[in-house]
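Read the structure below first, then the notes.
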Amino acid sequence: MNLNYFSYFSEIEDTFVRRRGKHLMLSPMDWALIESWKERSLPLHVVLRAIEHAFDSHEAKNHKRTVKTLLYCQEEVEAQYAEWLESRVGSHDPDTEVDTNDAAFPRALVLQHLDQSLGVFAVLADAREVKADELSEAFSRTVALLSEIRNDYESASQPDSRKLEESLTGIERLLDDAMRTVIAPTEMEVIELSVETQLKPYKRQMDKAAFTQTRDNLLRKQIREHFNVPRLSLFFL
């Protein structure tokens, strides 16, 4: 069965909350971890299977403490992914391919998201114009690019949300680079310290690549929050 590209975050969240037994909001660190799995192309069905197995093992051991974070499942996710990679050597499985249909996102919903994003970045561009720096330029470029992307998506006979997501990801990279360029060194130090403090208790539990990716995602998230820059990705609709 094909798994829709856009269900990655929601499926993982739903599975974790269901096994947790009661609603618990995922932390920024948990979301960064999910994003790192997506960016490393871990198949959704492998991640979900690993989460289920991690909870099964936890319940079998009759632990008194409840699972409070998705990081509890990280080791099992990495183990299952390693086994999956080994099993895929020399093979091709069409069931692991991404479903690129747009059923998950009605055109009206996507256009609403793009219109709202355009409005936000127009305000950011106006407010930053006086500084005339790299971020000011990036905001202006974002408004122009989003306007073009929005009009193209609206007029397309067969809109492709996967390609739209790739375009939005490119703009986010542009913004991330600009924010890193203009942020004051002292402010960057505070953010880096905050991220290191959040991740320190989990460093030994995480694979090096996963730790690095999660750290980078948290760092980008806090820098965006510092400049009040919203996410453009359709994953955050």
Among the residues of region 106-125, how many are part of a helix (DSSP H, G or I) and within 18 Å of S161 (Cα to Cα)? 12
Working only within region 55-89, note down all residues that are among the hydrophobic types (A, V, I, L, M, F, W, C), farther than 21 Å from R204 by Cα and not in a helix (DSSP H, G or I). V89
Restricting attention to region 191-205, the residues that are under 13 Å from T69 (Cα atoms) and in contact (Cβ under 8 Å) with a residue 12 or more places away in the chain number exactly 4
E187 farther than 22 Å from V67 by Cα, exposed (fewer than 15 other Cβ atoms within 10 Å of the Cβ) and touching a residue at least 24 places away in the same chain (Cβ under 8 Å): yes
Scanning region 33-58 for residues that are free of Cβ contacts under 8 Å to residues at least 24 places away in the same chain and among the polar types (S, T, N, Q), the one nearest to R20 (Cα to Cα) turns out to be S57
So D14 clears everything in (1) closer than 19 Å to L234 by Cα; (2) open to solvent by less than 70 Å² (accessible area, probe 1.4 Å); (3) part of a helix (DSSP H, G or I) except one condition, right? Which one? (2)
Of the residues V130, V89, only one is over 25 Å from L26 (Cβ atoms), of a type outside the set (K, R) and either modelled with pLDDT of 90 or more or open to solvent by less than 20 Å² (accessible area, probe 1.4 Å) (or both); which? V130
Residues (open to solvent by 60 Å² or more (accessible area, probe 1.4 Å) and under 22 Å from the mean Cα position of the chain (by Cα)) located in region 104-119: P106, R107, L109, Q112, D115, Q116
Within region 207-219, is there a residue that is at negative phi, surrounded by 15 or more Cβ atoms within 10 Å (Cβ to Cβ), among the charged types (D, E, K, R) and within 15 Å of the chain's Cα centre (by Cα)? yes
Listed by first then second residue, the pairs whose first member lies in region 206-223 and is under 15 Å from P28 (Cα atoms), whose partner is hydroxyl-bearing (S, T, Y) and open to solvent by 50 Å² or more (accessible area, probe 1.4 Å), with beta carbons under 9 Å and at least 6 positions apart or on separate chains, are F211/Y202; T214/Y202
I need the full set of residues from region 220-237 which are open to solvent by 70 Å² or more (accessible area, probe 1.4 Å) and at negative phi, in order please. E225, H226, F236, L237
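The values are calculated or read from the model by the stated rules, or taken from the named source; none is laboratory data. Since the structure is predicted, the reported quantities are computational estimates derived from the model, not experimental observations. Cβ sites come from the backbone with ideal geometry, for glycine too, and all protein chains shown count toward neighbours. When the accessible area is computed, the model is the full protein with side chains, heavy atoms only, and any ligands, DNA or RNA have been set aside. Shrake-Rupley method; radii C 1.70, N 1.55, O 1.52, S 1.80 Å.
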